[in-house]
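The values are calculated or read from the model by the stated rules, or taken from the named source; none is laboratory data. Keep in mind that what you see is a predicted model, and the values were worked out from it rather than measured. Here the Cβ is made from the backbone with ideal geometry for all residues, glycine too, and neighbour counts use every protein chain on show.
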C-alpha cells in the first residue's frame with residue numbers, strides 16, 4: 001500500500017527551508033496506484049474512451065478505497081486490470097444521502113439476484129441511482145456485502161484499514177466520513193468482479209470467483225451520486241491468503257437514460273423507476289433537469 | 001421461563017422492545033404465512049445493527065433456520081435461532097415500502113401502508129431514523145432463488161400456530177413490522193396477527 005519513492009533528503013530537513021524543499025521535490029512522482037490530475041491526461045484510456053473527456057481517472061490498489069461525487073449522466077467504468085480486483089460499492093444520492101442504494105429492493109424489484117447488463121441499482125425511494133450499461137465478466141455479487149474487521153481477523157488475522165488485509169467495512173467507514181457520513185450510514189452494498197451463486201435447493205453460497213479474463217463494467221449515474229468504492233477481497237473468497245489486485249476507475253460525462261430508451265424500456269419495473277426519477281426531477285425545476 | 005412480554009401484534013402493526021442477553025424471543029405465526037419483518041440493534045449502540053450479508057457469509061447460506069446466528073454489521077453474534085418449526089426464512093427480500101410498491105405493482109399502490117412505515121414509526125420511539133433501516137429479516141416469508149438468479153416472494157410454507165424462537169447474545173433492540181403487504185403472497189393476501197413472547201434469561 002505504501003508506494004513512497006521519497007529519496008533521502010539531499011539538503012537535510014533540519015530547517016523549515018530544507019523540509020519545504022524536500023517536500024516540494026517529491027511532486028510529480030508517478031506510482032502505480034494514484035489519481036491522475038487532470039484526468040484528461042490519463043495515458044492508459046482504453047480504445048473508445050476519449051481521454052480528453054475524462055473527469056475521473058484513478059488506480060486503486062488492492063486494500064485501497066476511493067470516493068467521488070459524480071453528476072447525473074456520468075459513465076463510471078470500473079476495470080479489473082489484473083484479474084483479481086473486487087470493487088465493493090456503496091451509492092448515495094449526492095447531497096441527500098438518506099436516499100441510497102437498497103440492495104434488497106434492487107434484487108426483489110428486478111426479480112433477480114445476479115447483476116448484469118441492463119439492470120439497475122435502485123434506491124430505497126423507488127428511483128434509479130445507476131444503470132449497468134456494459135459488463136464483460138458477469139461475476140458479481142449482491143448478497144454478501146463487504147468484509148468486516150471481525151471476519152478478516154478470523155480469516156487472515158487482521159482487518160484494520162492500515163493492515164495487510166483490510167476489511168471493506170473499515171475502508172467504507174473512512175470513505176463515508178469524508179462526506180460527513182458515519183457508520184450508521186453504511187448499509188449492505190454490492191461488489192463487482194467476484195461472483196457468488198446460490199444453490200437453488202439448499203440456499204448454500206457457491207464461490208465462482210473472478211471472470212475468466214480481466215473484465216470491466218460501466219455504470220451510468222441516473223441521478224447525481226456519491227460513490228464509495230473499496231477494493232478488497234470478497235468476504236467468501238475461499239483462498240487462505242488475502243488477495244486483491246488493481247482496480248482502475250474512469251469516468252466521463254454524458255446524458256442520463258431518456259425514459260423511452262433502453263434500459264428504461266427493459267421491464268415494466270424499470271420503466272416505473274425511471275418515471276419516478278423524471279417525476280422527482282421535474283418538480284425540482286429546470287436546474288435539476290438541465291443535464292438531460 | 002419467566003415471561004417478560006406476551007403480546008399479540010395486530011395485523012399491519014409495528015412492535016418494538018428489548019430482548020435481554022440470554023433471553024428469548026418467540027414469534028408465533030397465528031394465522032399462517034404471515035411475514036414478520038424484523039430488525040435488530042445492539043441496545044447499547046444502535047449504530048451496530050443486524051446485517052444480512054454478515055449473517056449469510058458466516059453461515060454460507062442464504063436461508064435462516066435453526067442454528068442460524070444472526071450477526072451485526074461488525075460480525076458480532078446478536079441472536080441465534082434455537083427453534084424453527086417452519087424450515088426456512090428470508091433475509092434477501094427486504095421490507096416493502098410505499099416507494100418500492102410503485103415499481104413492483106404500479107402507482108396505484110403508492111398510498112398503501114408498508115413495512116418501512118412501521119419501521120420508521122416504531123424506530124422513531126428509540127431515536128432511530130431512516131438511515132438506520134437496512135436489509136431486514138422476513139420471518140415466515142418464502143423467497144426461493146433459482147439457478148438463473150431469479151428470485152421472488154412465492155406462496156409460504158408456514159401454517160397457523162407454527163413458531164420460531166431466538167436466543168439473544170446481547171441486549172438487543174428489536175423492531176418488528178407485522179407486514180401489511182396485500183399485493184403478493186407473503187401474507188397469503190390477508191395480513192393476520194402474530195404473537196410475541198419475550199422470555200427472561
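Whether any residue in the range B:167-185 is more than 21 Å from residue B:26 (Cα to Cα), touching a residue at least 12 places away in the same chain (Cβ under 8 Å), facing chain A (nearest Cβ under 9 Å) and in contact with a strand residue (DSSP E or B) (Cβ under 8 Å, 6 or more places away or on another chain) is what I want to check.
no
I'd like to know if the range B:188-199 contains one or more residues that are within 12 Å of chain A (Cβ to nearest Cβ) and farther than 26 Å from residue A:125 by Cβ.
no
Inspect the range A:221-231 for any residue being surrounded by fewer than 24 Cβ atoms within 10 Å (Cβ to Cβ), away from chain B (no Cβ under 14 Å), over 23 Å from residue B:102 (Cα atoms) and under 18 Å from the mean Cα position of the chain (by Cα) and give the result as yes or no.
For the range A:221-231, residues surrounded by fewer than 24 Cβ atoms within 10 Å (Cβ to Cβ), away from chain B (no Cβ under 14 Å), over 23 Å from residue B:102 (Cα atoms) and under 18 Å from the mean Cα position of the chain (by Cα): absent.
Can you confirm whether the range B:85-92 contains a residue that is in contact (Cβ under 8 Å) with a residue 40 or more places away in the chain, within 26 Å of residue A:124 (Cα to Cα) and more than 9 Å from chain A (Cβ to nearest Cβ)?
Yes - at least one qualifying residue is present in the range B:85-92.
Given (1) out of contact with any strand residue (DSSP E or B) (no Cβ under 8 Å at 6 or more places or on another chain); (2) without any contact (Cβ under 8 Å) to a residue 40 or more places away in the chain; (3) closer than 29 Å to residue A:171 by Cα, where does residue A:283 come up short, assuming only one miss?
(3)
Pairs only if they're at least six apart or on different chains, beta carbon under 9 angstrom, first in the range A:198-209 and without any contact (Cβ under 8 Å) to a residue 12 or more places away in the chain and at the interface with chain B (Cβ under 8 Å from one of its Cβ atoms), second surrounded by 13 or more Cβ atoms within 10 Å (Cβ to Cβ) and assigned to a strand (DSSP E or B); list them, first residue then second.
Hits for this filter: A:200/B:145; A:202/B:61; A:203/B:61; A:203/B:145; A:204/A:198; A:204/B:61.
Condition first: surrounded by 24 or more Cβ atoms within 10 Å (Cβ to Cβ), outside any loop (DSSP other than H, G, I, E, B) and away from every other protein chain (no Cβ under 14 Å). Now tell me which residues in the range B:136-163 satisfy that.
B:139
Within the range B:28-43, can one find any residue that is more than 15 Å from the chain's Cα centre (by Cα), modelled with pLDDT of 95 or more, surrounded by fewer than 16 Cβ atoms within 10 Å (Cβ to Cβ) and part of a loop (DSSP other than H, G, I, E, B)?
Looking through the range B:28-43, none of the residues is more than 15 Å from the chain's Cα centre (by Cα), modelled with pLDDT of 95 or more, surrounded by fewer than 16 Cβ atoms within 10 Å (Cβ to Cβ) and part of a loop (DSSP other than H, G, I, E, B).
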